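Each remark here refers to the structure printed beneath this line.
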Amino acid sequence: MFLSSRLALIVGVGVVPLVALATAGVPVWAALAGWLLLCAVLLVLDVILAASAKSLTVSRRVPARARLSEPVETSVAVHNHGVRTLNARVRDAWQPTAGASSQRLALRVPPGERGRVSVPLLPRRRGELVSEFVVIRSRGPLGLGGRQARHDVRGAVRVLPAFASRKHLPSRLARLRELDGNTSIQVRGQGTEFDSLREYVRGDDVRSIDWRATARAGTTMLRTWRPERDRHVVILIDTGRTAAARVGDGTRLDASLEASLLLAALASRAGDHVHLLMYDRTVRGRVTGVDGVGLLPALTDAMAPVHARLVDTDWGGAFGAIRSLTTRPSLIVVLTAQDAAESARGFLGAFPNASRATTVLVGSVTDDAIGAVAQRRDSREDVYLAAAAERTMRDAENVADAVRRAGGEAIAADPENLPPRIADRYLELKAAGRL
């Protein structure tokens, strides 16, 4: 049973004149007791006449997946098995990060019929959003109170990364088509595969002449080559404590996810095999052996429940896990935040050996606010903060230099620019025949 604010209002309306009479010296205790008793009788009658909140069947309609910060529509259906019309308020108990409205939803269901209320969500957090129950409050005809029941009907929606960097994908795909159609087909060299035969044109490399095809065709035929389309791209995302730092409107991990999705979509369209590994002390997410249209759904599903953990990453185990994914020549993209020499020792000590066949690319998310702080000189406090910011940027550059000396490549950018910069470097490696 529950009481409504209308009951308190009615009791107050009846008590006010009685209190006024009492101040005038008129004995009103009996009238006050009678009024309260009448209100209690009306409340009990209202509760009895309310439709049962338990003789209901409650079901949900919830999509399995939704994207972060994008509206998603869910609904709750109520089947009234009672003999009275249900006038109810419905509360769907989603967790706060689901972005559900705090208002109770009105619902009227005649006997034997079914009603449905819409519950829009606006997710503010990746992962599994859950509502364990629905509360139904059935009001009586007077609106003084009613019956309340909780129905344990679980609803869950998996919130996937926003993939805001997909706005950069069309332009990169256009460059990939141009690269595949014009720039790289007519080349010969290490790391390329046979594409087709065409007639020899003056100026072509005579080493590419196919003499057997020439004998069959009666004219000089030339082999053309293209970059291999079955190369491997391994993406390692650091989910340790450095990934939990806030940068802009999100964390470093969120920016790493955006860069991974853009690179994976581009590499998949280029015909390469993409592997994903999310690691700190153990594997938090892994996708391998998935190609084509199923790649991005598999990646977003693996990324959705993973959040940064406040532990130091085991880089020896992380690079060892990469070796278990593939032994083929590949591009290894490590998305981490190595901006201090002391904390980067383990990372640099386990850094894999780069070669012509294997390229290691380290992507780091930077905070533009640090550069802005380094420019301020308005007060003594600003000077100290600027010195700290300069030291932070210098340490990050020292780590990047150490990565380059180890044979890798370092790219540092803010969350908005890191995904397209990594994608552009991937295209440059394709154009150079290194992928």
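FYI, it's all coordinate maths here, none of it is from the lab. Model, not experiment: these values are computed from the prediction. Reconstructed Cβ throughout: ideal geometry from the backbone, glycine too, with neighbour counts over all protein chains shown.
Taking the alpha carbon gyration tensor of the stretch 269-375, what are the square roots of 5 times its eigenvalues, largest first, to the nearest whole Å? Walk me through the numbers before you get to the answer.
Values: eigenvalues 129, 66, 50 Å².
Listed largest to smallest, the semi-axes of the stretch 269-375 are 25, 18, 16 Å.
Diagonalise the Cα gyration tensor of the chain and give the resulting equivalent ellipsoid semi-axes, square root of 5 times each eigenvalue, largest first, whole Å.
Numbers: eigenvalues 865, 183, 57 Å².
Here the semi-axes work out to 66, 30, 17 Å.
Would you calculate, for the chain, the mean residue ellipticity at 222 nm contributed by helices, counting each DSSP H stretch of 4 or more residues as -39,500 (n - 2.57) and dividing by all residues, to the nearest 500?
Details: 11 runs with 147 residues, N = 435.
Result for the chain: -11000 deg cm²/dmol, rounded to the nearest 500.
Fully extended, how many nm does the chain gain between residue 40 and residue 281 (0.36 nm per residue separation, minus their Cα-Cα distance)?
Contour length minus Cα-Cα distance gives 80.5 nm.
Is any residue of the stretch 79-110 close enough, with backbone N under 19 Å, to a label point placed 7 angstrom from the Cα of residue 130 along the Cα-Cβ axis, and if so, which?
Only 92-100 pass the distance filter.
Give a residue-ordered list of calculated ³J(HN,Hα) values for the stretch 240-251 (Karplus: 6.51 cos²θ - 1.76 cosθ + 1.60, θ = phi - 60°; whole Hz; x for Gly, Pro).
Rounded to whole hertz, the list is x, 5, 5, 6, 7, 5, 7, 9, x, 8, x, 9.
Residue 393 to residue 93: extension gain in nm, 0.36 nm per residue of separation minus the Cα-Cα distance? Mind dumping the intermediate values first?
Values: separation 300, 0.36 × 300 = 108.00 nm, distance 4.57 nm.
My answer for the length gained is 103.4 nm.
Tabulate in residue order the Karplus-calculated ³J(HN,Hα) for the stretch 283-297, using 6.51 cos²θ - 1.76 cosθ + 1.60 with θ = phi - 60°, rounded to whole Hz; enter x for Gly and Pro.
These are the phi-based 3J(HN,Hα) values: 6, 9, x, 8, 9, 8, x, 10, 10, x, 5, x, 5, 4, x Hz.
What GluC sites (Glu not before Pro) in the stretch 113-150 are in a loop by DSSP, with at most 16 other Cβ atoms within 10 Å of the Cβ?
Numbers: sites: 113, 128, 132; in loops: 113.
Passing both the DSSP loop test and the Cβ count: 113.
Under 10 °C and 1.306 mPa s, how fast does the stretch 1-126 diffuse according to Stokes-Einstein, given a Kirkwood radius computed over C-alpha pairs? Answer in µm²/s, whole number. If you can, show how the numbers build up before the last one.
Numbers: Rh = 18.1 Å.
Approximately 88 µm²/s, per Stokes-Einstein.
So, R0 is 41 Å and r is the distance between the beta-carbons of residue 81 and residue 6; what FRET efficiency does that work out to, to 0.05? Let's see the in-between values first.
Working: r = 27 Å, r/R0 = 0.66.
About 0.90, to the nearest 0.05.
How many angstrom lie between the Cα centre of the stretch 247-303 and the Cα centre of the stretch 306-370?
Spelled out, the Cα-based centre of one part sits 15 Å from the other.
Relative contact order (percent) for the chain, with alpha-carbon contacts under 8 angstrom and 6 or more residues of separation?
13 percent
Relative contact order of the stretch 1-157, please, whole-number percent, based on alpha carbon pairs below 8 angstrom and at least 6 residues apart.
Details: 339 pairs, mean separation 45.6, N = 157.
Here the relative contact order equals 29 percent.
Can you tell me which of 318-331, 372-385 comes out highest on packing, and rank the rest after it, using the mean Cβ neighbours within 10 Å? Don't skip to the end; give the middle numbers.
On the way: 318-331: 16.5, 372-385: 11.6.
In descending order of packing, they fall as 318-331, 372-385.
I need the calculated FRET efficiency for the pair residue 178 and residue 149, taking r as the beta carbon distance and R₀ as 56 Å, to the nearest 0.05.
Values: r = 64 Å, r/R0 = 1.14.
In this case the efficiency is close to 0.30.
If you average the C-alpha positions of the stretch 1-20 and of the stretch 388-435 separately, how far apart do those two centres end up, in angstrom?
Going from one Cα centre to the other spans 70 Å.
Mind listing the phi-derived Karplus ³J(HN,Hα) values for the stretch 408-416, rounded to whole Hz, using 6.51, -1.76 and 1.60 with θ = phi - 60°, and x for any glycine or proline?
Ordered by residue, 3J(HN,Hα) equals x, 10, 10, 10, 10, 7, 6, x, 6 Hz.
Based on DSSP, what percent of beta bridges with both residues in the chain are antiparallel, to the nearest 5?
Details: 52 of 80 bridges.
Approximately 65 percent, going by the DSSP bridge assignments.
Between residue 310 and residue 57, what is 0.36 nm times their sequence separation minus the Cα-Cα distance? Round to one decimal in nm. List each step's numbers first, then the result.
Details: separation 253, 0.36 × 253 = 91.08 nm, distance 4.36 nm.
Here the answer is 86.7 nm.
With each label point set 7 Å from Cα along the Cα-Cβ vector, what nm distance links residue 206 and residue 70?
About 5.8 nm separates the two model spin labels.
Can you pull the three principal axis extents for the Cα set of the stretch 289-435, in Å, largest first?
Computed over the stretch 289-435, the largest-to-smallest principal extents equal 56, 35, 33 Å.
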